[in-house]
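Engineer: My questions will all concern the structure given below.
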Amino acid sequence: MSSDIQSNNKRIARNTMMLYIRMGITMLVGLYTSRVVLQVLGVSDYGIYGVVGGIVAFMGFLNGSMSGATSRFLTYELGRGIEGKLKETFVSAFWVHLIIAVIIFVLAETVGLWFLYNKLVIPDVRMDAAFWVYQFSVASAVLGITQVPYNASVISHEDMDLYAYIEIANVLLKLLIVYLLMVITIDKLILYAALYFAVSFGIAMYYRWYCIHYYEESHLTLTWDKEIVNKMLKFCGWDLYGNGCVVAKQQGINFLVNMFFGVTLNAGISIASVVSGTLSGFTSNITLALRPQIIKNYAQKDCIAMQNLMSQGIKYIILLQACCTIPFVLEADYVFHLWLDIVPPYAVLFCQWMFIASLFSASNGILIVAIHATGRIKYLSYISGSISVIQLPILYLLYSNGQNPIWAYILSVFGGTAMVVVNIFIAKYNISSLSVRQLFSSMITSLLIVGILTIPFVFIQQQFNSSIWRVVGITSGYILSIGIITFLFVLPHNVRAKIIEKWSFLRH
């Protein structure tokens, strides 16, 4: 048993390391390409790309539900180790996703087109370009839907090194897109959408080749298992509501901002989302690395190991999120003006509040994985989804009364915090052996550490003028402080002892 735990811990550590190598390259390239794309397209076209693509993302919530179901069932069957069940699960998932792709395509070419032409605020001279951006977005969405079972297989098998390498290739190809945008003279917005689709297509084809070559279960047949499909659809049925509400909230903010303030502020949301998504990916990597082990522990009825993984994961996620969030929130204005020649209106404020919201809801990913592992997601979807979607009518009322656009993300702070609290109790309801006290303790302790450490850095920031040295000093000082606190008070005693032992060995 001890050797199994050690092996699992090493696998988690290796997978996390590979994901962070990928994340580092993705972040650097992503921030650079966003800057250049904004310059090449201009604020208006960049906003158009964000809001038009949002129509397809909104209709893709059905796929989001099935994606969660596919990942859960494949990982669960791997944990059980029953021969033949894994292949039946994969094949069934693929055909269900193909049907979803057809449904999304029909909706996109009917309801979606109507919304594009009749509801969005887009300059008439750019409507043709917006149409082609929309079509390439639809093609990317349909491709992505049928790709889900293959991506889920890679993650379920914990092949994170492959996942990291492919994603690194993905961002490097997007760097090539930036170069082509600057040297090709046709309509830049249409070209950007076309090249983005081409990269997505190439990456998807490689994933499929790899899965077919190395994973026996990914060889398709023309039949599916009705029992597995029924279980997936039952799981998906409740997840559909939750995912639909979350996507409605995310894209609803985009649409409401467009309706009340125009495409210029959509550019601010788009650029803020790029930064927030890039840096927040650091914490999602921990969830991605822990996800297979949490689900497999549940499948094997090892709830003690599951609880320990969850508690440690919550601590690490919040502290790591703080390393990304707090220095950036303090220095966002200077960093944005250093990074971009043109800073879209409200981009800095949008990004700061996105980061604050993500800090308070950081532990949600771990809790959702645990609830998904049980397959009982009725309360998760209904309550969390309702908390998400209720923010839209509140936001509409605020905007109708002339309130600041930043309220979209202030509401997200309260909503995200409420979801975490609710999901802890839902996890306990589904898994009676879980300790609510331990989960709350992990979350509150980590947030208190973050809050106490932030106070002196706010004071330091106010004592010096904006400069690159202040950014470097605050960032390195904050990360070092979090690292020391984590080592002394958060790491388990045996892990800390092992690090000290290895350090002593290296010194001698």
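Engineer: Show me the helices (runs of 4 or more DSSP H) found entirely inside the range 79-178 where at least 3 residues are surrounded by 16 or more Cβ atoms within 10 Å (Cβ to Cβ) and within 19 Å of the chain's Cα centre (by Cα).
Structural biologist: 127-156
Engineer: Quick check on my filter: what residues within the range 218-253 are of a type in the set (D, E) and over 19 Å from the mean Cα position of the chain (by Cα)?
Structural biologist: D225, E227
Engineer: On to the next question. Would you mention how many residues in the range 404-429 are open to solvent by 30 Å² or more (accessible area, probe 1.4 Å), at pLDDT 90 or above and not hydrophobic (A, V, I, L, M, F, W, C)?
Structural biologist: Number satisfying all stated conditions: 3.
Engineer: Another one. Any idea which residue in the range 312-338 is surrounded by the fewest Cβ atoms within 10 Å (Cβ to Cβ), counting only those that are within 23 Å of the chain's Cα centre (by Cα) and farther than 16 Å from F355 by Cα?
Structural biologist: Ranking the qualifying residues of the range 312-338, first place goes to Q312.
Engineer: Let me ask you something else. For L290, only one of the following conditions fails: (1) more than 25 Å from M443 (Cβ to Cβ); (2) out of contact with any His (no Cβ under 8 Å at 6 or more places or on another chain). What is its number?
Structural biologist: (1)
Engineer: Kindly evaluate I452 against the criterion of being closer than 30 Å to P327 by Cβ, in a helix (DSSP H, G or I), open to solvent by 40 Å² or more (accessible area, probe 1.4 Å) and not hydroxyl-bearing (S, T, Y). Please lay out each step first, then the result.
Structural biologist: Details: closer than 30 Å to P327 by Cβ: yes; in a helix (DSSP H, G or I): yes; open to solvent by 40 Å² or more (accessible area, probe 1.4 Å): yes; not hydroxyl-bearing (S, T, Y): yes.
The answer is yes for I452.
Engineer: Is one or more of the residues making up the range 204-225 surrounded by 14 or more Cβ atoms within 10 Å (Cβ to Cβ) and closer than 28 Å to A129 by Cα?
Structural biologist: yes
Engineer: Kindly establish whether L181 is surrounded by 17 or more Cβ atoms within 10 Å (Cβ to Cβ) and within 20 Å of V43 (Cα to Cα). Write out each step before concluding.
Structural biologist: Values: surrounded by 17 or more Cβ atoms within 10 Å (Cβ to Cβ): yes; within 20 Å of V43 (Cα to Cα): yes.
Spelling it out, L181 is indeed surrounded by 17 or more Cβ atoms within 10 Å (Cβ to Cβ) and within 20 Å of V43 (Cα to Cα).
Engineer: A follow-up question, please. For the structure I just gave you, tell me whether I326 is in a helix (DSSP H, G or I) and modelled with pLDDT under 80.
Structural biologist: Taking the combined requirement at face value, the residue does not satisfy it.
Engineer: Which number in (1) assigned to a loop (DSSP other than H, G, I, E, B); (2) in contact with a Pro (Cβ under 9 Å, 6 or more places away or on another chain); (3) polar (S, T, N, Q) marks the one condition that S432 misses?
Structural biologist: Of the numbered conditions (1) assigned to a loop (DSSP other than H, G, I, E, B); (2) in contact with a Pro (Cβ under 9 Å, 6 or more places away or on another chain); (3) polar (S, T, N, Q), the odd one out for S432 is (2).
Engineer: Is there a residue being at pLDDT below 85, in a helix (DSSP H, G or I), open to solvent by 30 Å² or more (accessible area, probe 1.4 Å) and among the basic types (K, R) anywhere in the range 275-292? First the steps, then the outcome.
Structural biologist: Step one: of the range 275-292, the residues at pLDDT below 85 are 275-292.
Next, from what is left, pick out any that are in a helix (DSSP H, G or I): 275-292.
Remaining after also requiring open to solvent by 30 Å² or more (accessible area, probe 1.4 Å): 277, 282, 284, 288, 291.
Subsequent filtering for residues that are among the basic types (K, R) retains 291.
Yes, there is a match, as at least one residue in the range 275-292 is at pLDDT below 85, in a helix (DSSP H, G or I), open to solvent by 30 Å² or more (accessible area, probe 1.4 Å) and among the basic types (K, R).
Engineer: For the range 97-154, enumerate the residues that are touching a Phe, Trp or Tyr at 6+ places or on another chain (Cβ under 7 Å) and of a type in the set (S, T, N, Q).
Structural biologist: Across the range 97-154, the qualifying residues are S140, Q147, N151, S153.
Engineer: Being among the polar types (S, T, N, Q) and under 25 Å from S441 (Cβ atoms), is that true of even one residue in the range 385-407?
Structural biologist: No: zero hits.
The values are calculated or read from the model by the stated rules, or taken from the named source; none is laboratory data. Please read all numbers here as calculations on a predicted model, not as lab measurements. Here Cβ is always computed from backbone atoms with ideal geometry, including for glycine, and neighbour counts include all displayed protein chains. These accessible areas exclude ligands, DNA and RNA; they are computed on the full protein's heavy atoms, side chains included. Shrake-Rupley method; radii C 1.70, N 1.55, O 1.52, S 1.80 Å.
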